[in-house]
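Step one of this worksheet: look at the structure below.
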Amino acid sequence: MVNQHEVYELFRRHLRLCAAQEGETVVVLSQGRRHARRAETFLYAARSLGCQAYHLVLPEPLPESGNWTVGASELARTPEAVEALKRADLLIDCVFLLFSPEQFAVQAAGTRVLTAVEPVDLLARLFPTGEHRERVEAGAELLAKAGTMRITGPHGTDVTYRLGVYPTVSEYGYTDQAGRWDHWPAAFVFTGAADDGVDGKIVLGPGDVLLPQNVYVTTPVEYTIEKGFITDIRGGHDAELIKSYMESFDDPRGYGMSHVGWGIDERAHWHGLREPSFPGGMGMELRSVYGNVMFSTGPNNELGGPNDTACHLDVPMRGCSLFLDDEPIVLDGDIVVDAMKPAKARR
Ligand code: FE
């Protein structure tokens, strides 16, 4: 376990990566009592770098569906707070604002936004590096110029995404550019297809991961996708779990296809969901696993699309192959492009 002094040093190092500097305003946002200690440590770390730093605490959310509803934030009830965040240089988000219109507004005003909600041990173990950033950006460059993405997999997956409409997003765990968001820890790239641009089958097998359920699939799940929407899900227990979850939102847009990409961090463990020292995490480690292929369902407003459903699943898959315009990027769960490999694995 990481002790409190180490956490302080870790946050200082991270704030430096985020280019926090003297005279800048850093706001730490949290909710209720959650992450109160983390927020305080970020404040000390930011002040030690000469920043103006303060802590903004939102009230606990009102109980609603009980689901993990992405995009709904308490900030929507406090427009004054949004205005304050727009004036900040750097926002440390310990709430998880992702997909919320308020976060988009804050970014549009030029504030750098860094989400930091994962367990501290994981923040330490997957501490971002410039090398990972370069490799993620090399992947993003390839993805940004691709017209199609085809994914095949060991259980029968064969699906094609028509690209070129939405931007490519890099996540490498820190942010030093005005208006840019990132999530610590992370090392992956993604984009989304045209709204009607996904067709084929995705078949999950044992070991693939469902987030936010934070479980490993144990029985095959077969998704049929037509024109960007899931039209059928079949299989055993896991298929029923997915269907039951999606139906609970009562929103047909939850069946849309969301972001898709691959992971780049060789330090991330596939067994991370069962790591006894990281209880309560939200699966950033699984999203980042080197050579995983992750598809997701639900909203695409994060990429500028029209679908802002709150029903979102991320599904990192093992052993898949991914091709951009027929060029192999990942083969059987292994990255084949040198620029994305760790230095020691390059030819
Ligand atoms: Fe997602």
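Remark: the Lys243-Glu327 segment gains 26.9 nm on full extension, using 0.36 nm per residue and subtracting the alpha carbon distance.
Which order do peptides 39-46, 255-262, 213-220 fall in by mean Cβ count within 10 Å, highest first? Present the calculation step by step, with values, prior to reporting the outcome.
On the way: 39-46: 20.6, 255-262: 25.6, 213-220: 16.4.
Descending mean neighbour count gives 255-262, 39-46, 213-220.
Of the beta bridges in the chain, as assigned by DSSP with both residues counted there, near 70 percent are antiparallel.
With protein chains left intact and a 1.4 Å probe, residues in the chain average 41 Å² of accessible area per residue. Residue by residue, region 216-227 carries 3J(HN,Hα) couplings of 8, 5, 10, 10, x, 10, 10, 9, 9, 10, 10, 6 Hz when phi is fed to the Karplus relation 6.51 cos²θ - 1.76 cosθ + 1.60 (θ = phi - 60°); x denotes Gly or Pro.
Relative protection proxy for 100-108, 283-291, from highest mean packing down: 283-291, 100-108 (other beta-carbon atoms within 10 angstrom). Based on the alpha-carbon gyration tensor of region 183-253 and its eigenvalue square roots a ≥ b ≥ c, which shape applies: rounded if a/c is under 1.5, prolate if not and a/b is larger than b/c, or oblate? Rounded, since a/c falls under 1.5.
Subtract the Cα-Cα distance of Arg37 and Arg16 from 0.36 nm times their separation in residues, and report this length gain in nm to one decimal.
Details: separation 21, 0.36 × 21 = 7.56 nm, distance 2.01 nm.
Difference between extended and current length: 5.6 nm.
Here the contact order of the chain, divided by its residue count and restricted to Cα pairs under 8 Å and six or more residues apart, works out to 15 percent.
Heavy atoms only, probe 1.4 Å: what % of the accessible area of the chain goes to carbon and sulfur, would you let me know? Mind dumping the intermediate values first?
Values: 7270 of 14210 Å².
Carbon plus sulfur share of accessible area: 51 percent.
Of all lysines in the structure, the ones whose alpha carbon falls short of 23 Å from that of Lys227, not counting any fewer than 8 places away in one chain, are Lys145, Lys201, Lys243. Structure remark: mean-square fluctuation, Gaussian network model of the chain, C-alpha springs under 10 Å; the largest value among Val337, Val26, Val293 belongs to Val337. Whole-Hz Karplus values for region 256-268 come out as x, 8, 9, 5, 8, x, 8, x, 10, 8, 5, 7, 7 Hz, taken residue by residue from phi with 6.51 cos²θ - 1.76 cosθ + 1.60 and θ = phi - 60°; glycine and proline positions read x. When only Cα pairs below 8 angstrom with a gap of at least 6 residues are kept, region 4-117 shows a relative contact order of 27 percent.
Taking R0 as 45 Å, what FRET efficiency do you get between Asn3 and Asp158 from their Cβ-Cβ distance, rounded to the nearest 0.05? Can you show the working numbers first?
Values: r = 49 Å, r/R0 = 1.09.
It comes out at approximately 0.35.
3J(HN,Hα) along region 170-186: 9, 10, 9, x, 8, 9, 10, 10, 3, x, 8, 9, 8, 9, 9, x, 6 Hz, from the Karplus curve 6.51 cos²θ - 1.76 cosθ + 1.60 with θ = phi - 60°, whole Hz, x for Gly and Pro.
In terms of the Cα gyration tensor, with a ≥ b ≥ c the square roots of its eigenvalues, is region 128-345 rounded because a/c is under 1.5, prolate because a/b exceeds b/c, or oblate? Don't skip to the end; give the middle numbers.
Details: a/c = 1.37, a/b = 1.23, b/c = 1.12.
Here region 128-345 falls in the rounded category.
The values are calculated or read from the model by the stated rules, or taken from the named source; none is laboratory data. Keep in mind that this is a model prediction, so the values were computed, not measured. Heads up, the Cβs are rebuilt from the backbone with ideal geometry, glycines too, and the neighbour counts pull from every protein chain shown. The accessibility values were calculated without ligands, DNA or RNA, using every heavy atom of the protein model including side chains. Shrake-Rupley method; radii C 1.70, N 1.55, O 1.52, S 1.80 Å.
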